[in-house]
Amino acid sequence: MVSFGGASANSIYYKNLKEKRYAHKKDIQGKTFLIKDDLKTFDWKLSSETKSIGNYTCYKATFSKEVENKKMSFINGESKEETVKETIVTTAWYTPQVPVSNGPDNFFGLPGLILEINDGKRMMVCTELILNSKNEINISEPKKGKVVNQKKFNEIQKKKSEELMEKFKSRNGMDLGNGVNIKFGN
């Protein structure tokens, strides 16, 4: 089992590899959600290419997936939405010297611990690895929040984003305080 802190103090990502599931506590506009779902397996392509990360010899593994991205722009107060298909290549560097099939976020399934990963949007690198810690570590699954699966959470997140965009449009902009003012249109 593993737990990762997220982008905010309230975000906790927990995964149970034995049961191939995860729980992710996350907030949207002040409301706490607990996303519970199954871990997805990846069709990793293993390579013999190596590099060193710290004291570990790491091997390269990749997988590709096609995604649809929606891009929204505002021109003269009118919103325009465009759907673009892209192939995203995720590159992982794992070490068999730590024979744990795990990594950050939802990544796992390689014959060693993932020490670096680039999923096309972000790059995560392990900067410290403590094996056989003398301190007892207690990893517990988050319990608080409205329980939803990943698909439902994505729908809620999309709806909340659209509501926020409508607020921006109807106000012809918004003052966010601290000297930040967003204005759409003229």
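Leu113 - would you say it is of a type outside the set (S, T, N, Q) and at pLDDT 95 or above?
Yes.
Could you tell me how many of the residues in region 65-84 are hydrophobic (A, V, I, L, M, F, W, C), open to solvent by 70 Å² or more (accessible area, probe 1.4 Å) and either in contact with a helix residue (DSSP H, G or I) (Cβ under 9 Å, 6 or more places away or on another chain) or under 20 Å from Phe42 (Cα atoms) (or both)?
Adding up the residues that qualify gives 1.
Is it true that Ile117 is of a type in the set (A, V, I, L, M), open to solvent by less than 100 Å² (accessible area, probe 1.4 Å) and assigned to a helix (DSSP H, G or I)?
no
Hey, Asn106 hits all of (1) in a strand (DSSP E or B); (2) under 20 Å from Lys26 (Cβ atoms); (3) touching a residue at least 40 places away in the same chain (Cβ under 8 Å) but one; which does it fall short on?
(1)
Residue-wise test of (1) touching a Leu at 6+ places or on another chain (Cβ under 8 Å); (2) loosely packed, with under 13 Cβ neighbours inside 10 Å; (3) among the basic types (Lys, Arg).
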position: Ile12; (1), (2), (3): no, no, no
position: Lys15; (1), (2), (3): yes, no, yes
position: Ile35; (1), (2), (3): no, no, no
position: Ser48; (1), (2), (3): no, yes, no
position: Lys51; (1), (2), (3): no, yes, yes
position: Glu86; (1), (2), (3): no, yes, no
position: Pro96; (1), (2), (3): no, no, no
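So which residues in region 121-138 are open to solvent by 60 Å² or more (accessible area, probe 1.4 Å) and either in a loop (DSSP other than H, G, I, E, B) or at positive phi (or both), if there are any at all?
Result: Lys121, Arg122, Thr127, Glu128, Ile130, Leu131, Asn132, Lys134, Asn135, Glu136, Ile137, Asn138.
Applying the selection to region 6-62, what residues are hydroxyl-bearing (Ser, Thr, Tyr) and assigned to a loop (DSSP other than H, G, I, E, B)?
Correct list: Ser8, Ser11, Thr41.
Got at least one residue in region 76-94 being part of a loop (DSSP other than H, G, I, E, B) and among the polar types (S, T, N, Q)?
Among the residues of region 76-94, at least one is part of a loop (DSSP other than H, G, I, E, B) and among the polar types (S, T, N, Q), which makes the answer yes.
Six or more apart or on different chains, Cβ atoms under 7 Å: show the pairs whose first residue is in region 72-87 and β-branched (Val, Ile, Thr) and whose second is assigned to a strand (DSSP E or B) and surrounded by 10 or more Cβ atoms within 10 Å (Cβ to Cβ).
Here the result reads Val84/Asn69; Thr87/Ser64, each pair linking region 72-87 to a residue that is assigned to a strand (DSSP E or B) and surrounded by 10 or more Cβ atoms within 10 Å (Cβ to Cβ).
Given (1) modelled with pLDDT under 90; (2) among the small types (Gly, Ala, Ser); (3) under 22 Å from Leu17 (Cβ atoms), identify the lone condition not met by Gly120.
(3)
Are any residues in region 37-46 of a type in the set (Phe, Trp, Tyr) and open to solvent by 50 Å² or more (accessible area, probe 1.4 Å), and if so, which ones?
none
For the condition modelled with pLDDT under 90 and more than 25 Å from Ile130 (Cβ to Cβ), what is the one hit in Lys36, Lys26, Lys45, Lys71?
Going through Lys36, Lys26, Lys45, Lys71 in turn, just one is modelled with pLDDT under 90 and more than 25 Å from Ile130 (Cβ to Cβ): Lys71.
The values are calculated or read from the model by the stated rules, or taken from the named source; none is laboratory data. Keep in mind that what you see is a predicted model, and the values were worked out from it rather than measured. Cβ coordinates were reconstructed from backbone atoms using ideal geometry, including for glycine residues, and neighbour counts include every protein chain displayed. Heads up: the accessible areas ignore ligands, DNA and RNA and are worked out on the full protein's heavy atoms, side chains in. Shrake-Rupley method; radii C 1.70, N 1.55, O 1.52, S 1.80 Å.
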